[in-house]
Structure formats: structure tokens, C-alpha cells
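The values are calculated or read from the model by the stated rules, or taken from the named source; none is laboratory data. All figures in this text were calculated on a predicted structure; none of them were measured in a lab. Every residue, glycine as well, gets a Cβ built from its backbone with ideal geometry; the counts of neighbours run over all protein chains shown.
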Amino acid sequence: MIAAWFQCFRGCPGKYSLYEVMYTCPTCGGLLEVAHDMDALRARSAAGWMSLFERRASTTQWPYGSGVWGKREWIIPDLADENVVSLFEGNSNLFWAERLGKQIGLPDLWVKMCGNSHTGSFKDLGMTVLVSVVKQMIARGQPIRAVACASTGDTSAALAAYGAAAGIPTIVFLPQGKVSAAQLIQPIASGALVLALDTDFDGCMRVVQEVTRDNTIYLANSMNSLRIEGQKTVGIEIVQQFDWAAPDWIVIPVGNLGNISAVGNGLLMMKELGLIDRLPRLVAAQAAKANPLYLSAQNGFQEKVVVQAQQTLASAIQIGNPVSYEKAVKTLQAFDGVVEQATEHELADAAARADRTGMYTCPHTGVALAALFKLVARGVIQPHERVVVISTAHGLKFTQFKMGYHEDTLPEVEAVAANPPVYLPPDVKVVKDVIARRIG
Ligand SMILES: *Cc1c(COP(=O)(O)O)cnc(C)c1O
Ligand SMILES: [Zn+2]
């Protein structure tokens, strides 16, 4: 039997069951991580894992139609089939950004479309794992009344949907007025208890940590390392989609810093088990209005910087005190990582340019693309290299951002690619004139 357990991320001794309600190390208070019995996993060869994962990716057999559960032995090996709460997340497409890549002199540019998922963001990948574990805990008689999270909008949408699918009550804490209309209505529609607090994300995080001290309300934020286990499949999927070749770079927009360590963990596991022989380099991209990791990188990660996050169009990463800071630093060091930031103008401009080449990018993907443009311009990323940008959410969740851009009403943004509708009378001659002027 292949086993997995919680252990202290900083290395304190002790192994704990994944079905115990705990989020931090009882010795040092640091974050936990999920560890795997690598010797047991090595019993199957690298080629064996590859063909198993490929076979499962093309089936709808429960629960393997999910990109996460298709790799279950690497995630939560002992979760019972009947307790898997899956909406067949993962296996998202890799978009070859051919035209955008050519424009910036990077022909091998790809975008991993994690927003093409059930609730429109990569948060589905982690939430399927967390809610499944909770379902198994409840099935075994543990007294859990509800699952709760603080959110900048996407975590709550995912938690509420997976909770609804499982019939498990959910409570979401949102910073009032700081999430998009789509993100607000998602958990409302799913039947979650939606608590809109007059604070920011960091304030919501403080409250939810107090509320979940009572172990009957289970915490679903990414300080709970179960989330990381699901999200780590993004890195694995990218490699699989390139026929098991690692790209040169992966660019990720970051906020609370869980996802970058997740992507790193998936890749490290592949290397340890012989599926790849080299690692890509990672880029962590932040909004300049909420850039604690960028500032920490300036001091060589000698000290964690905490900021008061300012309002940014990239609302899902408007976080000043990232919970998974230590994990992200370790990941960046293992992957020869780079941290870059983007202003409001840069992120909106990058998103608009990408849209003009066939994408429909959320502002966070705009942050990642803007960081990429800068690194290409500085020669850090070379023209011949293969780059994957992780698109974290679907643009359809951010209609206000898109409208604001094309109406040229966004603060600090010069909307050079604004494309407002042309209002005309229903007159064929007038219409033909406009077409002649615009199209030629
Ligand atoms: C959550 C989220 C992020 C940031 O992920 P972290 O794990 O918090 O760093 C980026 N983009 C979107 C759209 C998100 O929802
Ligand atoms: Zn510890």
C-alpha cells in the first residue's frame, strides 16, 4: 500500500494522518506538507507511470476523468472511490500562443489554460482533494459541521461548488467590494454561507483562522497543504502535454504563494521518480500594488516582507501577507527562480494584447504576461526557449475589468488597444462607410 502523511515543512519530527484536523506543526507552528512514500512509488518505473497517466487521461471512468485523480497514487493514495468529490477538473488545454509569441520574439510560447475548469480557476484542482478528504472524514464519523475559507474570490467559488456537489455545508469569508460580480455570485448560487467582511483578504484570513480553531469547522485555505497536492498536477500536466519534456520556463502569477510551491512539488516529484531529468526555471509574477514577495526577493529572501496590499485590478492576488512565503522561497531556490512585478498599466496592456491574439485573459494572467514581456526584453528569457505561462482564471469572471479597459476608465491604465463598440443608425450606407474605414 502506498502511503502519504502530513509532516512539518520545516523538518520537525512527526508524521500525522491526512484525516486529522491540523494545519500547522504542533512543535514549531510552521506549515505542514504532504509527504509521500517515494520508495513505494519507485516500485513502478518512470515509463510505467507515464503510460498509466496517459491511459487514464483519455477515460471517463470514475474518478480518472479528473486530471487530479488520474494521478491519485501521487496525491492521496488511500482515498476511497466513493469519497472522491470530483467535477472532472484538470486536463486543461495548453494554448499555443503563436501570434503573441511572434510579436515578442518568443515563438515557443504556451499558455496553460487553468481557468478552463468547472468554476473558472485553478482552485478547482486543490479543492477536489480537500473536499474529498473531508468527505472521507465525515463518512468515518468525524464531527465536521462545515468547511470554511477566506478568499479573494476564486477559492470561495471552488469550495462552494465542491461542497454543494458533496452535500457538505460551506462558509466563505470575502473582502467586501473586492471580488468580481461573478466571484460573488458563484458561492451565493452554490448555497454557501457568504460572509462579506468590511476588510481586505488578510483581514478575512485572520478571522477564518480564529473561527476554524474549533475543529468542527474545517479550514480550506492553502495553508492547508491538501490543496497543494491537487494543484501540483498543473506542473505534471504541462510536462505530459509536451510528451514528457519539461519546458525551459514556467511563469506563474502569485498571491498567497501556495500555487507556485504546488507546481514546484509536482515537478520535483517527477524528477525524483525519473519522469524528467531536468527542471524548468520558475518566474513568480506579482502586481506592483501587492508585491511582498518581490520586495523580499530584493533583500535576497533574508527577511519576509509584509505590506498593506493596495487595490489592484489583479484582485485575486491582492495579498500583503502571504501565508506560504517559506514554501515559495524554497521552491524559487530549487528552481533558480525569478520574481518580477507588473504595474496596473502593464498588466492591463498585456491582457489586452493577449486578447487580440485569441486569448481572453484574466488580470492575473495579465500580470504573468507582463512579467514575461519584461524578462524577454531584458534577455533573461531567451528567444529559443520554451515558455509556459499559467493562466490562473477564466477572463469571463472579470467582465468589469474588460469593460473598464475598453471604455478606457481604468485608473492608471492607458488603454491603447481599447476597442469600443461603434454606435450607428441602421443605415446601410453609414455601415458600409465605417467598414471601409476600419477594415479597408
Ligand atoms: C488564487 C489565485 C492566484 C494566486 O495563487 P496563490 O496560490 O495564492 O499564490 C492567482 N490567480 C488567480 C486567478 C487566483 O485565483
Ligand atoms: Zn515544525
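Here are some notes:
- For the stretch 232-269, a residue qualifies if it is within 12 Å of the chain's Cα centre (by Cα), within 20 Å of Arg42 (Cα to Cα) and within 13 Å of ligand 1 (Cβ to nearest atom), and exactly one does: Lys232.
- Scanning the stretch 1-15 for residues that are surrounded by fewer than 15 Cβ atoms within 10 Å (Cβ to Cβ) and more than 9 Å from ligand 2 (Cβ to nearest atom), we see that the one that is farthest from Glu326 (Cα to Cα) is Met1.
- For first residues located in the stretch 15-29 and of a type in the set (Val, Ile, Thr), partners that are part of a loop (DSSP other than H, G, I, E, B) and lie 6+ apart or on another chain with Cβ distances below 6 Å form the pairs Val21/Asn215; Thr27/Cys12.
- Against the conditions (1) under 30 Å from Arg42 (Cβ atoms); (2) modelled with pLDDT under 95, Thr152 satisfies every one except (1).
- Scanning the stretch 111-150 for residues that are away from ligand 1 (no atom under 15 Å from the Cβ) and either surrounded by 22 or more Cβ atoms within 10 Å (Cβ to Cβ) or on the phi > 0 side of the Ramachandran plot (or both) turns up Thr128, Val131, Ser132, Val134, Lys135, Gly141, Val147, Ala148.
- Ile76 meets all of the listed conditions (1) over 30 Å from Leu372 (Cα atoms); (2) assigned to a helix (DSSP H, G or I) but one, namely (2).
- Within the stretch 198-231, considering residues that are assigned to a helix (DSSP H, G or I), β-branched (Val, Ile, Thr) and over 20 Å from the mean Cα position of the chain (by Cα), the one nearest to Thr392 (Cα to Cα): Val208
- Each residue in the stretch 307-339 was checked for being among the charged types (D, E, K, R) and part of a loop (DSSP other than H, G, I, E, B), and 1 pass.
Okay, residues lined up against (1) in contact with a helix residue (DSSP H, G or I) (Cβ under 9 Å, 6 or more places away or on another chain); (2) closer than 15 Å to Ile260 by Cα; (3) within 16 Å of ligand 1 (Cβ to nearest atom):
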site: Pro322; (1), (2), (3): yes, yes, yes
site: Gln333; (1), (2), (3): no, yes, no
site: Glu340; (1), (2), (3): yes, yes, yes
site: Asp349; (1), (2), (3): yes, no, no
site: Ala368; (1), (2), (3): yes, yes, yes
site: Leu375; (1), (2), (3): no, no, no
site: Arg378; (1), (2), (3): no, no, no
site: His384; (1), (2), (3): no, no, no
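- Close contacts from the stretch 97-120, counting a first residue that is over 13 Å from Gly358 (Cα atoms) and a second that is crowded, with 19+ Cβ neighbours inside 10 Å and basic (Lys, Arg), with Cβ to Cβ under 7 Å and a gap of 6+ residues or different chains, come to Gly120/Lys397.
- Residue that is among the basic types (Lys, Arg), within 24 Å of the chain's Cα centre (by Cα) and either part of a helix (DSSP H, G or I) or modelled with pLDDT of 95 or more (or both), where the choices are Arg10, Arg44, Arg55: Arg10
- Residue match in the stretch 284-291 (condition: within 14 Å of ligand 1 (Cβ to nearest atom), more than 14 Å from Ala342 (Cβ to Cβ) and under 14 Å from the mean Cα position of the chain (by Cα)): no
Here's the yes/no breakdown for (1) closer than 23 Å to Gln7 by Cα; (2) free of Cβ contacts under 8 Å to residues at least 40 places away in the same chain; (3) away from ligand 2 (no atom under 16 Å from the Cβ):
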| site | (1), (2), (3) |
| --- | --- |
| Met223 | yes, no, no |
| Thr233 | yes, no, yes |
| Ala246 | no, yes, yes |
| Gly255 | no, no, yes |
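- Unique residue being under 23 Å from Ala157 (Cβ atoms) and either without any contact (Cβ under 8 Å) to a residue 60 or more places away in the chain or away from ligand 2 (no atom under 16 Å from the Cβ) (or both) when the list is Gln318, Gln298: Gln318
- Cross-chain or 6+ apart pairs with Cβ under 7 Å, the stretch 349-366 first and of a type in the set (S, T, N, Q), then surrounded by fewer than 21 Cβ atoms within 10 Å (Cβ to Cβ) and not in a loop (DSSP other than H, G, I, E, B): Thr357/Arg99; Thr361/Asp355
- Single residue of the stretch 210-268 satisfying the filter (under 22 Å from Ala314 (Cα atoms) and at pLDDT below 95) that is surrounded by the fewest Cβ atoms within 10 Å (Cβ to Cβ): Met223
Residues checked against (1) part of a helix (DSSP H, G or I); (2) modelled with pLDDT under 95; (3) crowded, with 19+ Cβ neighbours inside 10 Å:
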site: Ala165; (1), (2), (3): yes, no, no
site: Ile171; (1), (2), (3): no, no, yes
site: Gln186; (1), (2), (3): yes, no, yes
site: Ala189; (1), (2), (3): yes, no, no
site: Leu195; (1), (2), (3): no, no, no
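- Residue satisfying condition, being touching a helix residue (DSSP H, G or I) at 6+ places or on another chain (Cβ under 8 Å) and farther than 22 Å from Val254 by Cα, within set Val434, Val422, Val413: Val422
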